[in-house]
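> This is the structure, below, for whatever I ask next.
The values are calculated or read from the model by the stated rules, or taken from the named source; none is laboratory data. Please read all numbers here as calculations on a predicted model, not as lab measurements. Please note: Cβ atoms are built from the backbone with ideal geometry, for glycine as well, and neighbour counts cover all protein chains shown.
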Amino acid sequence: MKSFIFKAGTRPSQLALTQTRAALDRIESMLEGVRFEMVPITSVGDTDRTTDLRESPADFFTRELDEALLNGEIDLAVHSAKDLPDPMPSTIDWFWLPWREEPRDVLVLAEGRAISDLPETPVIGVSSERRAAYCTKRFPNGIQKNIRGNIEERIAQVDSGDFDLVIMAAAALFRLNISDRISEWIPLDELEVPEAQGYLAITFREGDEKMTALRSLFMQQVVFAGAGVSNKELCTVATLNALKHCDICLYDSLIDKSLLDELPPNAQSIDVGKRCGAHSKEQHETTMLICECARQSKKVVRLKGGDPGIFGRLAEETEALEKLGIPFRVIPGISALQAATTGTGMLLTRRDISRGFVALTPRLSGGGLARCDSEMKNSLPVIYYMSIKAIEPISQQLLEDGYSPETPAALIFNAGGEDEKIIRTTLEKLPDQSQTHCIKQPGLILVGEITAYGYRTDLGALQGKKILLTCSEAIQQKAADMVRNLGGHPIQHPLIRLKSRLNAKLNLEQYDWLAVTSPSSVRSFMEIVQTQKLDYRTLPKIMVCGRGTAAEFAEYGLRADAQPDSNFSAEALIELANQILKPGEKVLRVRSDKAGPDLAEAVRQTGAKVDDIIIYDNEAILHEELPDFDAVFFASASGVESFIAQWGADSLADKTTVVIGKPTAQALEQHHLTADIVASESTIPGAIHALARRLVSERLR
């Protein structure tokens, strides 16, 4: 396969070259047919060794690389994230890589010296106001001097006696493999560090499609969520779930503040609300903040009062993300409209009293007032409920009332469902579209200029692809969340149901080890333990095949005693068993009825005694029809068998098949099919990310 080569700019210091090469190698390992060629570029910050960094311009270390980008000499540049100016030039786009090196600062002294060896008035090298303030407090008698040079040169100045100590970022020392030069760690509660410290950032030309595609691998989906009205009980489950898994929440003023209690302990919350005459942030500032947080690879929730799409300035915020190619999702909410009507008995629709309603604002852009006369009301969009069978007379009536035949219109079927379908047309052609598609689902008719608009659905690494998830109901939500987060459209269609054998006899106290190879096995095992009220203290040591299974045990407060370092699979567990089991030790292997005895037999080869017990069965789930999809994810051989039995192997023609591991791939081979993607790590994240990497690689090539 011919590789596509990106030219990556970097500063020429040893630290910059080392951290850039490491980052690019890591990205290369994720992609197929993509390579990076480093291009060293000297910045003014590298040549000017006299300017105090506290007084240097914002682009001191980035200006020359920006110029090389804009001139087309390089495709991207890699920086320490804290070196990026704020704000960034409008012609340069950027993002942070999601992995972070140790963020804390450290003290570095000459080799062999300790803090207790410092003179009464130590000479301290400082390079920022925050570090200077720390030194003033920690070493009040110290003499602070500006220090310049790369990492090695600063350390050399300390070793030569020019300085007694210097404060440095631990990340730099770790990346250069000289962390042994750390004399003392500085706790974060004593010296806060910039949010960007420890991260690397990549910059590129604004609008570069290939780099936008590359960035999509590292972008988290932004969630615009309706908080409902000022009552937490009227918030949707989907919004609560988004809050529980975000890194940062940007919230409006008119929400129930107790919703913020749902945030993870380390999540950040920022009030960006607008109230009459008192804006915490202007709209353009909020929009920019959403884009910045997303480009920092954070999970962002934009929490809006009521419903995001009703007078919520939603379009301005989503359009900014669309321009950047960053995926997003919108969760509707209960608005004040429903609370004030349905909640009070003043129903907007009541048989023989009201067949509909008008909702509008008298406010113009800028805060002025506009007349709400009949002419303006007649220009508002019209929505018809329970109307598909009456589409012809509705269209004819609107035409007779003076609507133009070219008025945009749309049919929306199963709004909000996984199989939602939108057909855009014109008023004149509306009846023909209904007859052509003949969809047997609940539908709405929407007439008006707004039907010409819509969210982009092709953003993110998965580009809006419909991913059919066939895994068991227990892991559907995790898989669906991952697909959405990477910009895909999950179609939740479980094909198997797991049924625990609650009467299984385990006799835990007689075993030295418990061997488990899947999260599903953990759930069934723990269900049996709890149903039979078995004593947790009788549990043997636990060996698992990977992080996903270990994490499932952690949900029950149990720690796995042994797991492979990589290549999470049954094969890796066999290798681990060969290393840790002693002859004669007793092992309890628990599995499903479909897993087979091969692993137990392999473990017996170590000299251990193995009892192989089935603790749950895979039952096929039958569906009336197969939904439309672009790619399918199989998490087990039984899922493959259920799919083929219901729809046949031909239904996978021209579809991308993703499997969680080799046994699942072998199940496809039994039907003369080859999996397109086999996860290198046998976990749900491993499989979904493998699909994302494949799609991004294709876009880059």
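> Could you tell me which residue of segment 541-558 is surrounded by the fewest Cβ atoms within 10 Å (Cβ to Cβ), considering only residues that are small (G, A, S) and either over 13 Å from E681 (Cα atoms) or modelled with pLDDT of 85 or more (or both)?
Taking segment 541-558 as the starting set, the residues that turn out to be small (G, A, S) are 546, 548, 550-551, 554, 557.
Among the residues that remain, those that are also either over 13 Å from E681 (Cα atoms) or modelled with pLDDT of 85 or more (or both) are: 550-551, 554, 557.
Numbers: A550: 22, A551: 14, A554: 13, G557: 7.
Taking the candidates together, the pick is G557.
> Looking at (1) more than 30 Å from P381 (Cα to Cα); (2) hydrophobic (A, V, I, L, M, F, W, C); (3) surrounded by fewer than 22 Cβ atoms within 10 Å (Cβ to Cβ), which one does L444 not meet, given that it meets all the others?
If we test L444 against (1) more than 30 Å from P381 (Cα to Cα); (2) hydrophobic (A, V, I, L, M, F, W, C); (3) surrounded by fewer than 22 Cβ atoms within 10 Å (Cβ to Cβ), just (1) comes out false.
> Quick check on my filter: what residues within segment 559-584 are buried (at least 17 other Cβ atoms within 10 Å of the Cβ) and not in a helix (DSSP H, G or I)?
Selection gives A560, A562, Q563, P564, F568, S569, L581.
> So which of L321, L314, L289, L303 is at pLDDT below 95 and aliphatic (A, V, I, L, M)?
Values: L321 fails: at pLDDT below 95; L289 fails: at pLDDT below 95; L303 fails: at pLDDT below 95.
The match here is L314.
> Would segment 376-387 turn up any residue that is in contact with an Asp or Glu (Cβ under 6 Å, 6 or more places away or on another chain), without any contact (Cβ under 8 Å) to a residue 40 or more places away in the chain and not aliphatic (A, V, I, L, M)?
Checked against the condition, which is being in contact with an Asp or Glu (Cβ under 6 Å, 6 or more places away or on another chain), without any contact (Cβ under 8 Å) to a residue 40 or more places away in the chain and not aliphatic (A, V, I, L, M), segment 376-387 yields no hits at all.
> Could you list, in sequence order, the residues of segment 58-84 that are in contact with a helix residue (DSSP H, G or I) (Cβ under 9 Å, 6 or more places away or on another chain), part of a loop (DSSP other than H, G, I, E, B) and in contact (Cβ under 8 Å) with a residue 24 or more places away in the chain?
Of everything in segment 58-84, those that are in contact with a helix residue (DSSP H, G or I) (Cβ under 9 Å, 6 or more places away or on another chain), part of a loop (DSSP other than H, G, I, E, B) and in contact (Cβ under 8 Å) with a residue 24 or more places away in the chain turn out to be D59, F61, T62, E73, I74, D75.
> OK, next. So A81 clears everything in (1) within 22 Å of L191 (Cα to Cα); (2) in contact with an Asp or Glu (Cβ under 9 Å, 6 or more places away or on another chain); (3) in the same structural domain as S160 (by TED's automatic domain parsing) except one condition, right? Which one?
For A81, the exception is condition (3).
> Okay, next question. G325 - would you say it is surrounded by 12 or more Cβ atoms within 10 Å (Cβ to Cβ), touching a residue at least 40 places away in the same chain (Cβ under 8 Å) and more than 20 Å from I412 (Cα to Cα)?
When the stated conditions are applied, G325 passes them.
> Does segment 616-636 hold any residues that are surrounded by 24 or more Cβ atoms within 10 Å (Cβ to Cβ) and under 30 Å from L508 (Cβ atoms), and which are they? It would help to see each step written out before you state the result.
From segment 616-636, those surrounded by 24 or more Cβ atoms within 10 Å (Cβ to Cβ) are 616, 632-636; that's our starting set.
Passing the criteria: Y616, A635, S636.
Residue-by-condition table, conditions (1) more than 12 Å from L303 (Cα to Cα); (2) touching a strand residue (DSSP E or B) at 6+ places or on another chain (Cβ under 7 Å); (3) in the same structural domain as L69 (by TED's automatic domain parsing); (4) of a type in the set (A, V, I, L, M):
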position: E192; (1), (2), (3), (4): yes, no, no, no
position: T203; (1), (2), (3), (4): yes, yes, yes, no
position: D208; (1), (2), (3), (4): yes, no, yes, no
position: M211; (1), (2), (3), (4): yes, yes, yes, yes
position: V223; (1), (2), (3), (4): no, yes, no, yes
position: A227; (1), (2), (3), (4): no, yes, no, yes
position: N231; (1), (2), (3), (4): yes, no, no, no
position: L234; (1), (2), (3), (4): yes, yes, no, yes
position: T239; (1), (2), (3), (4): no, yes, no, no
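> For segment 585-612, which positions are under 26 Å from A474 (Cα atoms) and either buried (at least 17 other Cβ atoms within 10 Å of the Cβ) or in contact with a Phe, Trp or Tyr (Cβ under 6 Å, 6 or more places away or on another chain) (or both)?
Selection gives L588, R589, V590, R591, S592, K594, A595, L599, A600, D612.
> Right, next: Run down I439, I423, I412, I467 and say which single residue is over 32 Å from the mean Cα position of the chain (by Cα) and either in a strand (DSSP E or B) or modelled with pLDDT under 90 (or both).
It is I439.
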